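Just below is one structure, and these are the notes that go with it.
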Amino acid sequence: MTVLVTVGGFLGAGKTTLIAKAASILVERGLGVGILTNDQAADLVDTALVRLARFPVAEVAGACFCCAFDQFHEELDRLSAIAAPDVILAEPVGSCVDIAATVLRPLHRKSPGLFRIAPFTVILDPAAWRLARNAQGMPESTAYIYHTQLLEGDVIALNKTDVETPEALALAEAEIVARFPRATVTRVAAASGFGVEAWLDGVLAAAGAGGSARIDVDYDRYAEGEAALGWL
C-alpha cells in the first residue's frame, strides 16, 4: 500500500525543498517515490524542478487540491500506475486550507486500502511566523490563512532553523507549542537536510493517522486573503 505524505504550509515556507530532500532519502533507502505538485497556474516551476531531480512527478494545475479533488485523485492514480511508488509526496498550494476535510478524508473514503495517509505536515518559516503575528507585518486576511493552515497540522515543522538564532527559534517554538497544542512540533532545515530524516521517519511510522483535524473556516475571510495574495 502506498503511503501519502502531504506537506502544506504558506508560500515560501520551504515545502518543495523539504519534499525533494525527503524523496532523495527514500530513494537512498531503496524505496520508490512519486511527487504530486500543485498551483493555481499552469507550467509549474515546482514540477520542472522535480523533473530535473529525476523523480516521477504529476501535477494539479489551475486549482488547489481542495478545489480539484477529482483531478487530485486522477493524478494520484496516474502516478501510481507509471511509477508504482512506495511513497507519494504531495505539496498543496501555499494558500490552501482545510486539506484534511477536502482532500485527505475524502481520499480515504474513495480509495480504501490503496493509500495509507501519513500525518499532515504543515511547514513553517519562523520569520514568516513573526510577520503573521505582527499587525503591520501581514494583512489580517492573509494572516488568517496562515494561522488556519497551522490549525490542521498533525505535525508542524519549523524550517530554516539554520538561519535562526537559538533564542528566536526557541521563542517561536514555544509560541507554536502553546498556540497549536494538538500538533507535534519538530525542527528541520530542509536546505541542509537537518532533521529531515527524523521528520520523515516519524510521519511514515504513523501513516494511517493523517487527516483527523477538524477546523472551521471562514470562507469570506479566506477569499479576502487569497485576493490579497493574488499578486504572488
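The values are calculated or read from the model by the stated rules, or taken from the named source; none is laboratory data. Quick caveat: nothing in here was measured; it's all calculated off a predicted structure. Glycine also receives a Cβ, built like all others from the backbone with ideal geometry; neighbour counts cover every protein chain displayed. SASA here: full protein model, heavy atoms, side chains in, ligands and nucleic acids out. Shrake-Rupley method; radii C 1.70, N 1.55, O 1.52, S 1.80 Å.
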Exercise. Within region 68-89, work out how many residues are of a type in the set (A, V, I, L, M, F, W, C) and closer than 15 Å to Leu104 by Cβ.
Key: 6
Practice problem: Name the one entry in Ala207, Ala128, Ala198, Ala157 that is among the hydrophobic types (A, V, I, L, M, F, W, C), under 17 Å from the mean Cα position of the chain (by Cα) and part of a loop (DSSP other than H, G, I, E, B). | Solution: Ala207
Quiz item: Are there any pairs with C-beta distances below 6 angstrom linking a residue in region 175-202 that is more than 17 Å from Val7 (Cα to Cα) to a residue that is surrounded by fewer than 18 Cβ atoms within 10 Å (Cβ to Cβ) and of a type in the set (D, E, K, R), with the two at least 6 apart or on different chains, and if so which?
Solution: Ser192/Asp162
Quiz item: Restricting attention to region 165-178, does a residue exist that is part of a helix (DSSP H, G or I), modelled with pLDDT under 95 and in contact with a Phe, Trp or Tyr (Cβ under 6 Å, 6 or more places away or on another chain)?
Solution: no
Quiz prompt | Any hit, region 154-165, residues being among the acidic types (Asp, Glu), open to solvent by 50 Å² or more (accessible area, probe 1.4 Å) and more than 16 Å from Leu89 (Cβ to Cβ) | solution = yes
Quiz item: Going by the structure shown, is Asp77 open to solvent by 60 Å² or more (accessible area, probe 1.4 Å), modelled with pLDDT of 85 or more and charged (D, E, K, R)?
Solution: yes
Quiz item: Under the condition of being farther than 15 Å from Arg179 by Cα and either polar (S, T, N, Q) or at pLDDT 90 or above (or both), which residue from region 124-139 is most open to solvent (accessible area, probe 1.4 Å)?
Solution: Gln136
Self-check item: Search result, residues across region 97-122 that are open to solvent by 10 Å² or more (accessible area, probe 1.4 Å), closer than 15 Å to Phe65 by Cβ and not aliphatic (A, V, I, L, M)
Solution: Asp98, Thr102, Arg105, Pro106, His108, Lys110, Phe115
Quiz item: Here are some conditions: (1) within 19 Å of the chain's Cα centre (by Cα); (2) assigned to a helix (DSSP H, G or I); (3) farther than 15 Å from Val3 by Cα. Gly94 meets all but one. Which one does it not meet?
Solution: (2)
Exercise. Give region 210-232 a look and list any residue that's part of a loop (DSSP other than H, G, I, E, B), out of contact with any strand residue (DSSP E or B) (no Cβ under 6 Å at 6 or more places or on another chain) and not aliphatic (A, V, I, L, M), or say none.
Key: Ser212, Arg214, Asp216, Asp218, Gly230, Trp231
